């Protein structure tokens, strides 16, 4: 039976050759939000690796939307020019399509890069900034208290998402994903743990969904009708009384009604009190439930590491696609190896074809025959 993992799929006007995605992974290696040579190397390796779609890391839609001073942004002409250089390089040599994740860190911003501890920057650090959130509630005890966003601030951020989407379209991205997961700003509005407002932007589920839905509508309106815009969600906070799977299903249905092309299902990130039952494919069940309840095209993520595991997820209808992060960092050629295991085919650059397993032991034109 042909591999389902290596079967094509369509997202609106975007045709993908297989169901393997390189998830967006922050590199903390930008300068004032602008990509550097590191990103040429980082993204270039995935362009050649056989995955159908590669997501650029989360791009902050304004300076205060970044997680760290080293995070990528798409809020200035300089950011756009630096990103154009990387994307043109990527397209010049790669076969995979490319997407961009638009994000705002909210109260989880203004932190040090992970390999220097990842703690909140001290207030007197010149790189620090005042964070904002749905409510004036810090992420954790030692974290600074964010300012509660007012109507003017929310309008500013919606405008920043729209501007970043316009820049992404000018750059020629194939797809946009809006980050509403992992405890960042839109997730902060969704969860009752971080949104304790008493106005129209808080309270019940409809109130807490209002701002994230308006952000989605803002980006969806900027993009052409057939252009795929999706959303990454955290299906649960893993905290009693927090955001949970039924809330997520309701949110996804509202997104679907507004033209969402896909949902990328992760979990957690909004509270240090989370108790995650992690294991191989531990989030796949969330994706399966959301797909069954909504019928929306769904991406599964989270400790998906083995080809037959990924094949089973797609073939069993748990999700339409799989996205790998750490597994791709460790093995950028994961899709090649998966294709070999599943007796399928993945894009293989002609410069590397003499290394293809089908040619092992066969003579290469112009070279001596292999030794017996």
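Here, each number is a calculation from the coordinates, and none is a lab measurement. All figures in this text were calculated on a predicted structure; none of them were measured in a lab. All Cβ positions, glycine included, derive from the backbone under ideal geometry; neighbour counts span all protein chains shown.
Worth a mention:
- Shape of region 1-90, Cα gyration tensor, a/c cut at 1.5: prolate
- Tensor-based shape of region 180-295 (alpha-carbon gyration tensor, a/c under 1.5 rounded, otherwise prolate or oblate): oblate
- Two-site label geometry, residue 250 and residue 315: point separation in nm, points 7 Å out along Cα→Cβ: 3.8
- Whole-Å distance, taken between Cα centres, linking region 153-184 and region 323-357: 31
- If a spin label sat at a point 7 angstrom from the Cα of residue 45 along the line to its beta carbon, the backbone N atoms of region 334-348 nearer than 14 Å would be those of 334-335.
- Residues 255, 171, 329, 43, ranked from the fewest to the most other C-beta atoms within 10 Å, line up as 329, 171, 43, 255.
- Among 209, 154, the ranking by other beta carbons within 10 Å of each residue's beta carbon, starting with the fewest, stands as 154, 209.
- Helix 37-47 and the long axis of the chain differ in direction by around 60°, with both axes built from C-alpha atoms.
- Cβ-Cβ distance of residue 129 and residue 150, R₀ of 25 Å, FRET efficiency by 1/(1 + (r/R0)^6): the value works out to about 0.90.
- Convex hull volume of the Cα atoms of region 16-359, normalised per residue: 128 Å³.
- Anisotropy class of region 79-118 from Cα gyration tensor, a/c 1.5 cut: prolate
- Here the sum of -39500 (n - 2.57) over DSSP H runs of 4 or more residues, divided by the residues of the chain, equals -10000 deg cm²/dmol at 222 nm, to the nearest 500.
- Taking every alpha-carbon pair within region 1-156, the share separated by more than 20 Å comes to 56 percent.
- Residue among 117, 183, 172 with the largest mean-square fluctuation in a Gaussian network model of the chain, springs linking Cα atoms under 10 Å: 117
- FRET efficiency, 1/(1 + (r/R0)^6) with R0 41 Å, evaluated for residue 119 and residue 7 via beta carbons: 0.35
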